[in-house]
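These notes concern the structure reproduced below.
The values are calculated or read from the model by the stated rules, or taken from the named source; none is laboratory data. As the structure is a computational prediction, the values presented were derived from the model and not from experiment. Note that we place each Cβ from the backbone using ideal geometry, even for glycine, and neighbour counts take in every protein chain shown. Accessible surface areas use protein heavy atoms only, side chains included; no ligands, DNA or RNA. Shrake-Rupley method; radii C 1.70, N 1.55, O 1.52, S 1.80 Å.
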Amino acid sequence: MNIEAYWGLKEKPFLNTPDTRYLYESEDFVEAMGRILFNLKEVKGGLTLITGEVGCGKTLLVYSLIEKLPGSRFTTIKLINPKFSPTQLLRMIVQELGDEEPPRYRTKLMEKLQSLLIKSDKKNITPVLLIDEAQAIPKRTLEEIRLLLNYEDKKKKLLQIILLGQPELKKRIQEIEQLNQRINIRYHLRGLNAEETKKYIKHRLKIAQAKRKVFTPSSVSLIHKLSRGIPRLINTLATNSMYAGLLLKKDIIDEPLINEVYKELIQ
Ligand SMILES: Nc1ncnc2c1ncn2[C@@H]1O[C@H](COP(=O)(O)OP(=O)(O)OP(=O)(O)O)[C@@H](O)[C@H]1O
Ligand SMILES: [Mg+2]
């Protein structure tokens with residue numbers, strides 16, 4: 001028997017995947033999204049920095065943003081594992097903007113990028129470059145990002161850039177003062193508070209169409225304490241305790257079970 005069948009669910013509610021159907025709009029999430037949209041739609045200032053603890057929802061935020069931005073006004077370019085050189089970065093952007101065979105050399109690439117950005121602007125479409133896991137960008141490529149902000153007209157940057165990454169990204173950017181100064185919106189995501197953790201668990205169970213109670217209230221408080229409200233850890237604890245509960249034929253998941261599961265997880 002699988003955990004869905006045992007706990008009376010349509011599907012597994014706590015998978016660690018960026019599935020926006022399961023999105024819980026925490027205070028932090030709403031604030032981060034609000035600031036990103038404010039920069040994209042109102043300020044058009046070019047560079048947004050979103051940092052956050054490991055597993056707190058940055059990648060899910062990227063997916064949600066892409067879903068939210070109307071294709072008639074924005075075109076999104078999403079880059080992950082950004083361990084590329086400055087020229088590779090330029091080439092990827094040019095390619096994503098529609099040039100299937102980008103020029104090889106840097107000067108030509110920059111000219112091409114400029115013409116593509118102007119073309120897009122004439123159509124009233126703003127290209128948005130989203131770089132997830134930006135803490136992995138090599139320093140010289142980070143410096144290049146500053147140059148990408150030089151494409152502008154009197155009112156706005158022609159390319160909007162959003163960098164998302166783990167806390168060390170903040171430090172890495174601080175070391176490049178010319179880039180740091182150009183960040184016009186920033187936000188740091190944290191874990192959920194106790195109340196939000198409760199709502200988060202309830203929300204995910206609801207989406208998975210739970211027909212009965214799965215966790216006691218005190219087990220939810222314990223999940224919050226052990227996970228520090230970090231969604232990825234909440235998910236892992238919840239899934240593992242649902243599995244343990246199945247094996248032990250439990251009617252409901254309680255504190256002792258969560259403690260047992262946690263001990264095994266951190267071994
Ligand atoms: N607001 C949320 N609503 C619903 N689920 C969430 C939320 N935030 C995070 N999650 C869940 O937690 C998992 C981990 O989140 P995510 O991968 O977005 O974290 P991250 O900040 O990108 O982590 P990393 O620093 O390791 O890249 C997601 O796959 C998702 O299942
Ligand atoms: Mg991530």
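Going by average Cβ neighbours within 10 Å, how do the peptides 198-206, 115-123 rank, with the highest at the top?
Result, highest mean first: 198-206, 115-123.
Measure off, as a whole percent, the carbon and sulfur share of the 1.4 Å-probe accessible area of the chain, all protein chains present.
Carbon and sulfur together cover 50 percent of it.
Divide by every residue of the chain the summed helix terms, -39500 (n - 2.57) for each DSSP H run of at least 4, and state the resulting mean residue ellipticity at 222 nm, rounded to the nearest 500 deg cm²/dmol.
Rounded to the nearest 500, the figure is -15000 deg cm²/dmol.
If you filter the range 1-43 for trypsin sites (Lys or Arg not before Pro), then keep DSSP loop positions with at most 14 other Cβ within 10 Å, what is left?
Passing sites in the range 1-43 are 10.
Translational diffusion coefficient of the range 192-266 at 4 °C, 1.567 mPa s, Stokes-Einstein with Kirkwood Rh over Cα pairs, in µm²/s as a whole number.
Calculated translational D: 107 µm²/s.
Can you tell me which of 216, 126, 197 moves the most in a GNM of the chain? Springs connect C-alpha atoms under 10 Å apart.
Most flexible of the set in this elastic network: 216.
Probe of 1.4 angstrom, ligands and nucleic acids ignored: what's the accessible area per residue over the range 192-266, in square angstrom?
Heavy-atom accessible area per residue stands at 55 Å².
What accessible area per residue, rounded to a whole number of Å², is obtained for the range 1-83 using a probe radius of 1.4 Å?
47
Given C-alpha coordinates of the chain, what is the ratio Rg to Rh with the Kirkwood estimate of Rh?
On the Cα set of the chain, Rg over Rh gives 1.07.
State, as an integer percentage, the relative contact order of the chain based on alpha-carbon contacts under 8 Å between residues 6 or more apart.
29
Can you give me the convex hull volume of the Cα atoms of the range 20-147, divided per residue and expressed in Å³?
Output value, Cα hull per residue: 116 Å³.
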